[in-house]
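One structure is given below, encoded as structure tokens.
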Amino acid sequence: MAAATAGALGRIRHSFLRRQLLSFRRQLPCTQAQRSVSSLIDLPETHALLRKTCRDFAENELMPVAGQLDKEHKFPQEQVKKLGELGLLCVDVPESEGGTGLDYLAYAIAVEEISRGCASTGCIMSVNNSLYLSPIMKFGTKEQKERFLKPFLNGDSIGCFALSEPGNGSDAGAATTTAQLTSDKWILNGTKAWITNGYESAAAVVFATTDKKQKHKGISAFLVPKPTDGLSLGKKEDKLGIRATSTCYLIFEDCSIPQDCLLGQPGMGFKIAMQTLDAGRIGIAAQALGIAQASLDCAVEYATKRQSFGSPIAKLQAIQIKVADMQVRVESARLLTWKAAMLKDARRSFTKEAAMAKLAASEAATFNAHSAIQVLGGMGYVTDMPAERHYRDARITEIYEGTSEIQRIVIASNVFKELGHNL
Amino acid sequence: MSGIRVLVGCKRVIDYAVKIRVKPDKSGVVTDGVKHSMNPFDEIAVEEAVRLKEKKIVSEIVAVSCGPTQCQEVLRTAMAMGADRAIHVEVDPATYDHLQPLHVAKILSKVAQEEKVDLVLTGKQAIDDDANQTGQMIAALLDWPQATFASKVEKTNGELKVLREIDGGLETIKVRLPAVLTTDLRLNQPRYATLPNIMKAKKKPLVKKTPADYGVDVTPRQKVLKVEDPPVRQAGAKLASVEELVAKLRDAGLIPT
């Protein structure tokens with residue numbers, strides 16, 4: 001009797017659990033989850049085709065000239081226009097707005113492949129996509145999009161992002177550039193530092209304090225066309241790496257812009273900046289991946305050819321260990337980057353993952369570039385081989401769009417928060 | 001007159017940049033896990049078809065590839081460049097190893113007839129076997145005129161004026177449509193597939209068929225006996241004078257004494 005009851009109860013419990021499971025599966029966006037996991041293993045066809053196009057472009061159009069562009073500190077005008085024609089300067093802008101309409105995973109793949117050819121070009125591409133177009137897409141009015149988005153999609157014009165100042169980088173809330181509202185104009189005063197695309201851009205997203213008493217809640221975002229009266233550019237910085245990009249100060253001296261150049265609402269600036277940088281991190285992670293992969297490719301190619309002690313040095317364990325370490329670092333950083341991109345595409349929180357991706361990828365880039373020079377020996381130290389350029393290009397990825405130190409703080413605070421501790 | 005319909009033959013080959021390795025049993029080359037892409041001359045053929053379409057001379061482009069499942073990547077690339085439709089004639093990997101130009105020519109001829117095309121465009125040769133036969137065989141099977149090694153194509157009334165690169169230099173011929181054209185290196189520079197076109201390619205139709213669907217027997221008529229690396233290049237010798245050179249040539253029996 002007891003056994004029969006137990007059996008009956010067991011069957012009831014089993015069918016109850018089964019119904020629970022089925023209803024849970026119906027609620028879960030099953031297809032999306034499945035697609036996400038398999039994307040990590042095999043890219044969807046569109047993404048694979050995109051990767052091939054970008055790789056071919058990078059190998060044919062960027063690799064042959066990257067060294068020269070770096071030596072001459074020359075902006076890759078032609079190449080940027082070609083990127084625009086391919087749709088690579090507006091990857092995740094929806095088709096309805098004139099963009100390419102792909103997702104962030106596609107964008108990450110594209111930036112990596114382009115950066116593998118030329119890190120400077122990858123940087124220019126990333127700034128236009130993530131830092132300039134993105135906030136305008138999200139917070140711009142129809143008129144602002146018409147003026148500041150549409151002409152910036154195909155390479156005719158590119159934009160820049162002005163948050164950092166001589167007095168504050170990581171401490172973005174301490175912005176001292178001010179914006180005062182007169183009858184119908186905003187008057188900007190102050191200086192922005194380290195602005196990539198400073199010289200070639202036709203517009204800038206600028207962050208300025210509109211209400212000092214509110215501290216970081218008193219910062220607002222503005223769209224500033226270039227050139228504009230009252231805006232002058234500082235000298236081009238003489239950088240260690242990514243020398244084909246221009247980096248300079250933007251100096252605002254009673255610079256007046258129309259009232260409708262305010263992006264979003266007053267006081268929204270800090271939020272806009274942080275959200276923009278969150279996604280921008282994925283772009284920079286992708287750029288760092290490109291540099292890391294290029295370094296690895298360079299080292300492997302050299303190791304199979306260079307003879308020492310009667311055999312290619314690829315046979316030596318000392319070299320194999322370095323290659324293995326490089327491979328693990330770039331591949332793990334890549335998976336973190338893809339995951340962050342896919343979370344963003346799924347409209348889920350991705351701040352922690354983006355910070356992890358940027359941290360891992362930038363440190364992979366510097367590690368790989370450093371190891372590549374070691375594998376190449378003396379040849380790694382001269383400009384005949386690209387290893388020294390990768391070494392110089394890699395270094396900035398640990399600094400801009402959030403230093404590695406800031407990334408670590410972001411990651412840690414998210415870890416604690418997820419476990420319920422509000423520090 | 002409505003536009004010309006074009007069939008483009010695309011072969012999936014080992015990528016030109018890859019270092020080829022012969023299999024240890026000398027039965028062929030290593031293809032597993034090796035990077036493959038569209039035969040560069042076929043890319044030029046696709047590009048030419050797309051350019052003709054942009055000039056409104058061509059109304060529809062059908063890309064065809066014969067081989068294992070992975071050939072679909074090549075067809076997607078063709079569609080991303082601008083082909084309208086694709087046909088994948090599926091051949092299993094074992095059979096594909098022995099698939100010869102005559103088989104492919106028979107298949108493509110049948111496809112050309114079924115699709116009622118006016119022009120067959122294909123690369124002059126594939127970079128894996130360098131056969132340089134398929135285009136010519138298609139023309140013979142269909143009894144169509146052929147213009148091979150094309151480096152320039154112009155449309156005149158109902159005819160194509162083609163500049164050919166031949167051993168003696170450049171030759172211009174006219175062929176009446178329908179015709180078969182094979183492309184040479186200097187015909188054009190293939191475009192990169194733009195992102196919007198890659199997106200559009202996803203929606204274009206790709207149909208799977210088999211050689212049997214076209215009544216083609218793919219039993220091999222040739223057998224590959226051995227595949228080897230080319231002999232290692234021997235070092236040359238520097239000679240002091242022309243007299244020494246002539247003496248050496250005479251000793252080797254290469255010139256009459």
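Could you check the stretch B:175-198 and list, in sequence order, the residues that are touching a Ser or Thr at 6+ places or on another chain (Cβ under 7 Å), without any contact (Cβ under 8 Å) to a residue 40 or more places away in the chain and charged (D, E, K, R)?
Hit for the stretch B:175-198 is B:ARG186, nothing else.
With at pLDDT below 95 and surrounded by fewer than 12 Cβ atoms within 10 Å (Cβ to Cβ) as the only criterion, which of A:LEU86, A:LEU9, A:LEU40 stands out? Write out each step before concluding.
Numbers: A:LEU86 fails: surrounded by fewer than 12 Cβ atoms within 10 Å (Cβ to Cβ); A:LEU40 fails: surrounded by fewer than 12 Cβ atoms within 10 Å (Cβ to Cβ).
That would be A:LEU9, the only listed residue that is at pLDDT below 95 and surrounded by fewer than 12 Cβ atoms within 10 Å (Cβ to Cβ).
Within the stretch A:219-250, count every residue that is over 17 Å from A:ILE158 (Cβ atoms) and either among the basic types (Lys, Arg) or not in a loop (DSSP other than H, G, I, E, B) (or both). Break it down into steps so the answer makes sense when it comes.
Initial filter on the stretch A:219-250 (over 17 Å from A:ILE158 (Cβ atoms)): A:219-222, A:229-230, A:232, A:234-235, A:237-241, A:243, A:249.
Remaining after also requiring either among the basic types (Lys, Arg) or not in a loop (DSSP other than H, G, I, E, B) (or both): A:219-222, A:232, A:235, A:239, A:243, A:249.
Qualifying residue count for the region: 9.
Kindly indicate which of A:GLN68, A:GLN79, A:GLN32, A:GLN27 is at pLDDT below 95, within 25 Å of the chain's Cα centre (by Cα) and either more than 11 Å from chain B (Cβ to nearest Cβ) or surrounded by 11 or more Cβ atoms within 10 Å (Cβ to Cβ) (or both). Outline the logic, then answer.
Values: A:GLN68 fails: at pLDDT below 95; A:GLN79 fails: at pLDDT below 95; A:GLN27 fails: within 25 Å of the chain's Cα centre (by Cα).
Within the list A:GLN68, A:GLN79, A:GLN32, A:GLN27, the selection yields A:GLN32.
Which of the residues spanning the stretch B:4-26 are touching a Leu at 6+ places or on another chain (Cβ under 9 Å) and of a type outside the set (D, E, K, R)?
B:ILE4, B:VAL6, B:LEU7, B:VAL8, B:GLY9, B:CYS10
A:THR182 fails exactly one of the following numbered conditions: (1) closer than 24 Å to A:GLY234 by Cα; (2) β-branched (Val, Ile, Thr); (3) modelled with pLDDT under 95. What is the number of that condition?
It fails just one condition, (1).
Failed condition for A:GLY84, given (1) more than 18 Å from A:SER246 (Cβ to Cβ); (2) within 12 Å of another protein chain (Cβ to nearest Cβ), with all others met?
So A:GLY84 meets the others, but not (1).
Please find, within the stretch A:92-107, the residue that is farthest from the other protein chains (Cβ to nearest Cβ) out of those that are of a type in the set (A, V, I, L, M) and in a helix (DSSP H, G or I). It would help to see each step written out before you state the result.
Taking the stretch A:92-107 as the starting set, the residues that turn out to be of a type in the set (A, V, I, L, M) are A:93, A:102, A:105-106.
So of that shortlist, the ones also in a helix (DSSP H, G or I) come out as A:105-106.
Working: A:LEU105: 13, A:ALA106: 8 Å.
Of everything passing the filter in the stretch A:92-107, A:LEU105 is farthest from the other protein chains (Cβ to nearest Cβ).
Looking at the stretch B:52-84, which of its residues are within 14 Å of chain A (Cβ to nearest Cβ) and in a helix (DSSP H, G or I)?
B:CYS71, B:GLN72, B:GLU73, B:VAL74, B:LEU75, B:ARG76, B:THR77, B:ALA78, B:MET79, B:ALA80, B:MET81
For the subset of the stretch B:162-191 comprising residues that are under 28 Å from A:ASN60 (Cα atoms) and of a type in the set (A, V, I, L, M), which member is farthest from the chain's Cα centre (by Cα)? Steps first, answer last, please.
If we filter the stretch B:162-191 for residues that are under 28 Å from A:ASN60 (Cα atoms), which is where we start, we get B:163-165, B:181-191.
Narrowing the set further to residues that are of a type in the set (A, V, I, L, M) leaves B:163, B:181, B:185, B:187.
Details: B:LEU163: 18, B:LEU181: 11, B:LEU185: 11, B:LEU187: 14 Å.
Out of the qualifying residues, it is B:LEU163.
With respect to B:LYS26, is the statement that it is part of a loop (DSSP other than H, G, I, E, B) and among the charged types (D, E, K, R) true?
Numbers: part of a loop (DSSP other than H, G, I, E, B): yes; among the charged types (D, E, K, R): yes.
Considered against the rule, which asks whether it is part of a loop (DSSP other than H, G, I, E, B) and among the charged types (D, E, K, R), B:LYS26 comes out as yes.
Would you confirm whether or not the stretch A:134-141 contains a residue that is in contact with a Gly (Cβ under 8 Å, 6 or more places away or on another chain), over 25 Å from A:THR247 (Cα atoms) and of a type in the set (Val, Ile, Thr)?
No - not one qualifying residue is present in the stretch A:134-141.
Restricting to the stretch B:201-212, count the residues that are touching a residue at least 12 places away in the same chain (Cβ under 8 Å) and more than 10 Å from every other protein chain (Cβ to nearest Cβ).
8
One line per residue, one yes/no per condition, for (1) in a helix (DSSP H, G or I); (2) at negative phi; (3) under 19 Å from the mean Cα position of the chain (by Cα):
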| site | (1), (2), (3) |
| --- | --- |
| A:ILE321 | yes, yes, no |
| A:GLN327 | yes, yes, no |
| A:ARG334 | yes, yes, yes |
| A:THR337 | yes, yes, yes |
| A:ARG348 | no, yes, yes |
| A:ILE373 | yes, yes, no |
| A:ILE396 | yes, yes, yes |
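List the residue pairs whose Cβ atoms are under 6 Å apart, where the first residue sits in the stretch A:38-60 and is more than 14 Å from A:TYR107 (Cβ to Cβ) and more than 9 Å from chain B (Cβ to nearest Cβ), the second is surrounded by 17 or more Cβ atoms within 10 Å (Cβ to Cβ) and not hydroxyl-bearing (Ser, Thr, Tyr), and the two are 6 or more positions apart or on different chains.
Going by the 6 Å Cβ cut-off, the qualifying pairs are A:ARG55/A:GLU113; A:ALA58/A:GLU113; A:ALA58/A:ILE114; A:ALA58/A:ARG116; A:ALA58/A:GLY117.
When the stretch B:85-135 is examined, which residues are found to be assigned to a loop (DSSP other than H, G, I, E, B) and of a type in the set (D, E, K, R)?
Residues of the stretch B:85-135 assigned to a loop (DSSP other than H, G, I, E, B): B:91-92, B:97-100, B:115-118, B:124-133.
Hits for the stretch B:85-135 are B:ASP92, B:ASP97, B:GLU115, B:LYS116, B:ASP118, B:LYS124, B:ASP128, B:ASP129, B:ASP130.
Where the second residue is outside any loop (DSSP other than H, G, I, E, B) and at pLDDT 90 or above and the first is on the phi > 0 side of the Ramachandran plot and lies in the stretch B:232-257, which pairs have Cβ atoms under 7 Å and are six or more apart or on separate chains?
The qualifying pairs do not exist here.
Cβ-Cβ under 9 Å, sequence separation 6+ or interchain: first residue in the stretch A:132-151 and over 15 Å from A:GLY269 (Cβ atoms), partner surrounded by fewer than 23 Cβ atoms within 10 Å (Cβ to Cβ) and among the basic types (Lys, Arg). Which pairs?
What qualifies is A:MET137/A:LYS145.
Please specify each residue of the stretch A:58-87 satisfying the condition of being in contact with a Leu (Cβ under 7 Å, 6 or more places away or on another chain) and of a type in the set (A, V, I, L, M, F, W, C).
A:LEU83, A:LEU86
Quick one: in the stretch A:108-153, which of the residues that are assigned to a loop (DSSP other than H, G, I, E, B) and either within 12 Å of chain B (Cβ to nearest Cβ) or buried (at least 24 other Cβ atoms within 10 Å of the Cβ) (or both) is nearest to the chain's Cα centre (by Cα)? Break it down into steps so the answer makes sense when it comes.
Applying the first criterion (assigned to a loop (DSSP other than H, G, I, E, B)) to the stretch A:108-153 yields A:118, A:140-141, A:149, A:153.
Pick out the ones that are also either within 12 Å of chain B (Cβ to nearest Cβ) or buried (at least 24 other Cβ atoms within 10 Å of the Cβ) (or both) and you get A:118, A:153.
Values: A:CYS118: 15, A:LEU153: 17 Å.
Per the stated criteria, the residue is A:CYS118.
Report whether or not A:ALA273 is within 24 Å of A:ARG389 (Cα to Cα), in contact (Cβ under 8 Å) with a residue 12 or more places away in the chain and of a type in the set (Gly, Ala, Ser).
Details: within 24 Å of A:ARG389 (Cα to Cα): no; in contact (Cβ under 8 Å) with a residue 12 or more places away in the chain: yes; of a type in the set (Gly, Ala, Ser): yes.
Criteria not met by A:ALA273.
Of all the residues that make up the stretch A:177-202, how many are touching a strand residue (DSSP E or B) at 6+ places or on another chain (Cβ under 6 Å), over 18 Å from A:PHE148 (Cα atoms) and part of a loop (DSSP other than H, G, I, E, B)?
Final tally of qualifying residues: 1.
Of the conditions (1) within 20 Å of B:ALA201 (Cα to Cα); (2) at pLDDT 95 or above, B:GLN72 clears all except one; give me its number.
Here B:GLN72 meets the rest and fails (2).
Could you please let me know if A:LEU223 is of a type outside the set (Asp, Glu), under 25 Å from A:PHE75 (Cβ atoms), surrounded by fewer than 16 Cβ atoms within 10 Å (Cβ to Cβ) and modelled with pLDDT of 95 or more? Walk me through it before giving the result.
Details: of a type outside the set (Asp, Glu): yes; under 25 Å from A:PHE75 (Cβ atoms): yes; surrounded by fewer than 16 Cβ atoms within 10 Å (Cβ to Cβ): no; modelled with pLDDT of 95 or more: yes.
So A:LEU223 does not fit the description; no.
The values are calculated or read from the model by the stated rules, or taken from the named source; none is laboratory data. On a predicted model such as this, the values are computed, not experimentally measured, just so you know. Cβ atoms come from the backbone with ideal geometry, glycine included; neighbour counts cover every protein chain shown.
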